[in-house]
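Q: The structure follows.
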Amino acid sequence: MSIRNTLHCLMVGALVAGVTSVPITSQSNPYLPNAALASAATTEPASGYDKPPKNILDVMHAPPPPVPVVSPTQDMILLLTWQEYPSISRVATPFLRLAGVRVEPKNHSKHDTPGGYGITQCARGFDLVHIADGAQIRIALPGSACPGRPIWSADGKRFAFVNLASESVELWIGEAKNGEVHQVAGARLNPMFNSEMQWMPDQKTLLVKLVPAAMGAPPSEPILPIGPSIQETDGAKGQSSTYENRDTLNNKHDEDLFDYYAATQLALVDAATATITPVGKPGNYESVSPAPDGQHILVSAIHKPYSYVTTYDRFPKEVEVWDVSERSRVQAHTVVSLPLADRVPIAGVPVGPRQFSWRASDPATLIWAEALDGGDWNVSVPARDKILLQKAPFNSPAIEVTRTEQRYEGLVWSDKPAVSLLNEFDENRHWRRSFILNIDDPQQKPRLLWDLSSDENYADPGNPVAHQLANGARVIRADGDSIYLSGLGASPDGDRPFLDRLDLTTLKSERLFRSDKTSFEYFLSFAGPDERRFVTWHQSPTDTPNAFARTLGKSLAADAGEAAFASTSVAITHIDDPTPEVRAIKKRLVKYKRADGLDLSFTLYTPPGYQEGTRVPTILYAYPLDYADASKAGQVTGSQETFTRLRQYQLLLLAGYAIIDDASFPIVGDPKKAYDTYLEQLVADAKAAVDEAVRLGVADPQRIGVTGHSHGALMTANLVAHSDLFRAGVATSGSYNKTLTPFGFQNERRSVWDAPDVYLKVSPFFSAKNLKTPLLIVHGGEDANPGTTPLQSNKLYEAIRGNGGTARLVILPHEPHWYSAMESNEQLVYEMIRWFDKYVKNATPR
């Protein structure tokens, strides 16, 4: 699992394309400890943002490769180029904290991504590419535009996107035939709860959430308090995640602001004429979903009483189906009234109906799940959930379709109306199962399709390939009795993405395509109805990511796991490498064992100009992961054949450091008590990685540092507190006192009252007296991630300082959990180079 490109905390910031080479001469060797050769980053101005050296800035300022979005008709690709680092002025835009949503009052936009991990991104540009001949159209956007991700209409004729303007969130529509885009005048979108725009089944109309007209001024904050903030509990358990207090509602004024900014007018927008037709009355509409018939809309509306301990997704809701066949008169049918759900067990689900969806092949058939175990994974029951169905006009009782032994994860429909995939997950075992379900035949039991650990990578069957029906519904693409699966194809030598055809009758699969061993190429989409033609996204350490058209040829006598067909490919796009100097950085997969025999791995990066056999200062980066099964913990994921791009800490390569990247740090054990041995396993993981890098002759054992983000920051602080492997550490946006997250953290589901020794042992705050290895602590000043509030870093710094340790605390103003602004990221890299140069590269031998 060493070279995994995981989401969430493993992605410690925006990725950066390219790198500038560092010339290596006998007069200036960046590997050698010499105070006179210390980086320019060591100069420390009295105030303001600092910058790393120019060669690193050049990399950070380079544009990233685009992201492909294939049209539903599979004849065009939209290439999106994102702005990775906005300016600090954008990140510092004032916002309100309203029950887990951060709203910018000036234009009614969302300030950050769901969960508060980063700032809402803007695209730098769109390009339309014809798959048939590679012809490309550059889409002209206003110079000040801040567009979001476009969504295609199912007929491939248009695409729609939002634009974050200074005074509003605008709706724009583009024409696929010529790339022309235009704003829908008068459409001020409300993205507070997401899904602010979506295509209706006719693919000619957009269902949108608008800011109601004549809203008036927002509620003004009272000069004097209108009364105390009051909470009360009645003796029932009420566990919840540890939200930063400022992001939940705290008083009546917060409630008034929440109602003001949540207020939404649903409307239909004619894509051809830009006519806006209001639907229903304004309300606090959280989610809206049109039925395939286009006449019914599932609407979820939030209402009081609100909670001051949890976020909006747990607030009371009215779930209704609206009949909008007569636009001027909406008829509403109440599906369920859901109460406040502020007492849901950690890792559990609310009681009552949840996870609503429409059946793709029916005009208006609603599906949902209900818990049979009180929503609590601790309860032993024959079945955890039941699945129910109700058809329009919704005046007959719901019909129970089936029950799941473990927690229901969803239904995926296919081209064959009677065939769907039913997914369930076992929290207690890290186990998942999928069944083939004929929802029209209740006498036919679900047929088991997949039954495997959720930590299994080598035997992962992949994901069913989906496409859009004419009504816009996404379903599994079926070819007779077969479906197609695409996956990353993890193997002991790294990921090799594949495309398979699975026969649902025999349950045997046939491999159509597999990425070769010298590149990383994955399936994007079929290129029309012919399953022999498809589009891939190809890259290698020396080749920029580009789209290719592949055509299957004759069958082959292939080895197990290899493609059973020959194929030819033709490049569709020709994207240039913005910084070709990055190719001077080399990387390789390294496999080794922990002291107890557990297989581990990491990717070893060496700096430009590195000469084999030279020991250089080295930085270890990792993110610990929890496993129920030791045999799965050592599986390799990721690929060293990807196009090399640098994340924040990887920029240290340009300052002469080697990087032990994405090192395996498994915490193995019963999910109910794995953290009983967390600290011992953490040190064993680190020692195994360090010993191997030293054995290879790359890492200088006297000059090794460690860094990690979020849960990896907890790892970093613990390693410098409880081992002598590292000369210094850099911990970013971590949680260091787990008693402040008393109802669980990561996969630890016991409370601090059930396992107090565990909470104290894993918390480096309580080991601050022994924490003498220099530690740089960095945190975003507006971190809203539950458990990693800035208070955690402040208190750890105070503890180290009070006990005579060496530490530096850097709070990046306005930043969320992932640092967004260019200035903040430049400061971070400057700080890392400064710290590691001082305490690692130029460290006095022990």
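The values are calculated or read from the model by the stated rules, or taken from the named source; none is laboratory data. Note that the structure is predicted; figures quoted are calculated from it, not measured. Note that we place each Cβ from the backbone using ideal geometry, even for glycine, and neighbour counts take in every protein chain shown. Only protein heavy atoms, including side chains, enter the accessible area calculation; ligands, DNA and RNA are left aside. Shrake-Rupley method; radii C 1.70, N 1.55, O 1.52, S 1.80 Å.
Q: Considering amide H positions built from the backbone, and no H for Pro or chain starts, which residues 5 or more places from residue 249, or on another chain, come under 5 Å of its amide H?
A: Close amide H contacts, sequence-distant or interchain: 99.
Q: Can you tell me how much longer the chain between residue 221 and residue 702 gets when fully stretched, taken as 0.36 nm per residue apart minus their C-alpha distance, in nm with one decimal?
A: That works out to 167.4 nm of additional length.
Q: Still on this structure, I have one more. How far apart, in nm, are two points set 7 Å out from the Cα along the Cα-to-Cβ line at residue 569 and at residue 130?
A: 2.4
Q: Suppose a student asked you for the relative contact order of the chain, using Cα pairs under 8 Å spaced at least 6 residues apart; what percent would you report?
A: 13
Q: Where does each of 569, 153 land when they are ordered by accessible area, with a 1.4 Å probe and the largest first?
A: Of 569, 153, the descending order of accessible area is 569, 153.
Q: Let me ask another. Tell me, what ³J(HN,Hα) does each residue in the range 470-480 have, in order and in whole Hz, if you take phi through Karplus 6.51 cos²θ - 1.76 cosθ + 1.60 with θ = phi - 60° and put x for Gly and Pro?
A: Once θ is set to phi - 60°, the couplings for the range 470-480 become 4, 7, x, 5, 8, 9, 5, 6, 10, 10, x Hz.
Q: Need one number: % antiparallel among DSSP beta bridges in the chain, to the nearest 5.
A: 85
Q: What net charge do the residues around residue 257 carry, taking every other residue with its C-beta under 11 Å from that of residue 257, with Lys and Arg at +1 and Asp and Glu at -1?
A: Counting the neighbours of residue 257, the net charge comes to -3.
Q: Taking amide H positions as placed in the peptide plane 1.01 Å from N, state which residues far from residue 335 in sequence (5 or more) or on other chains have amide H under 5 Å from it.
A: Correct list: 319, 320, 321.
Q: Using 1/(1 + (r/R0)^6) with R0 = 30 angstrom and r between the beta carbons of residue 694 and residue 772, what's the FRET efficiency to the nearest 0.05?
A: Efficiency at R0 = 30 Å is approximately 0.85.
Q: In whole angstrom, note down how far apart the Cα centers of the range 265-289 and the range 583-597 are.
A: That distance is 54 Å.
Q: Would you mind counting up the charge near residue 433? Only other residues with Cβ under 10 Å from its Cβ, with Lys and Arg at +1 and Asp and Glu at -1.
A: Surrounding charge for residue 433 is -4.
Q: Related question: Quick check: residue separation of residue 452 and residue 329 times 0.36 nm, minus the Cα distance between them. What number comes out in nm?
A: Gain on extension, residue 452 to residue 329, equals 39.3 nm.
Q: Hey, another quick one. Cβ under 14 Å from residue 846's Cβ, residue 846 left aside: what net charge do those residues give with Lys, Arg +1 and Asp, Glu -1?
A: +1
Q: A further question on this structure: Through the Karplus equation 6.51 cos²θ - 1.76 cosθ + 1.60, θ set to phi - 60°, convert the phi angles of the range 679-689 into ³J(HN,Hα) values in whole Hz; use x for Gly and Pro.
A: With the stated coefficients, the range 679-689 comes to 5, 5, 5, 4, 5, 5, 4, 5, 4, 5, 5 Hz.
Q: Let me ask you something else. So, with a 1.4 angstrom probe, what is the percent of accessible area on the chain that is carbon and sulfur?
A: After summing per-atom areas, the C and S share lands at 52 percent.
Q: Continuing with the same structure: Working with all protein chains in place, sort 575, 476 by solvent-accessible area computed with a 1.4 Å probe, largest first.
A: Correct descending sequence by accessible area is 575, 476.
Q: To the nearest 10 square angstrom, how much accessible area does residue 779 have with a 1.4 angstrom probe?
A: 0
Q: Using a 1.4 Å probe, how large is the accessible area of residue 542, given in Å² and rounded to the nearest 10?
A: 100
Q: Further, regarding this structure: Can you compute the modelled spin-label distance between residue 230 and residue 558, with each label point 7 Å from Cα toward Cβ, in nm?
A: Taking the simple label geometry, residue 230 and residue 558 are separated by 6.9 nm.
Q: Restricting to the range 703-846, compute how many DSSP beta bridges are antiparallel as a %, nearest 5.
A: 5
Q: Let me ask another. How large is ³J(HN,Hα), in whole Hz, for each residue of the range 540-546 in order, when computed from phi with the Karplus curve 6.51 cos²θ - 1.76 cosθ + 1.60 and θ = phi - 60°, using x for Gly and Pro?
A: Values per residue, Gly and Pro as x: 8, x, 10, 10, 4, x, 8 Hz.
Q: Also, I was wondering about something else. At 7 Å along the Cα-to-beta-carbon direction for both residue 588 and residue 533, put a label point, then send me their distance in nm to one decimal.
A: With each label point 7 Å from Cα toward Cβ, the separation is 4.3 nm.
Q: Further question: Give the separation of the Cα centroids, the range 515-582 to the range 684-754, in Å.
A: Their Cα centres are 38 Å away from one another.
Q: Quick one: which residues, 5+ away or cross-chain, put their amide H under 5 Å from the amide H of residue 780? H built at 1.01 Å from N.
A: Hits under the 5 Å cutoff: 733, 812.
Q: Just read off the accessible area of residue 416 with the full protein assembly in place, 1.4 Å probe, to the nearest 10 Å².
A: 70
Q: What order do 643, 766 take when sorted by accessible area (1.4 Å probe), most exposed first?
A: 766, 643
Q: Just report the Cα centroid separation between the range 145-209 and the range 304-349, whole Å.
A: Between the Cα centres of the range 145-209 and the range 304-349 lies a distance of 26 Å.
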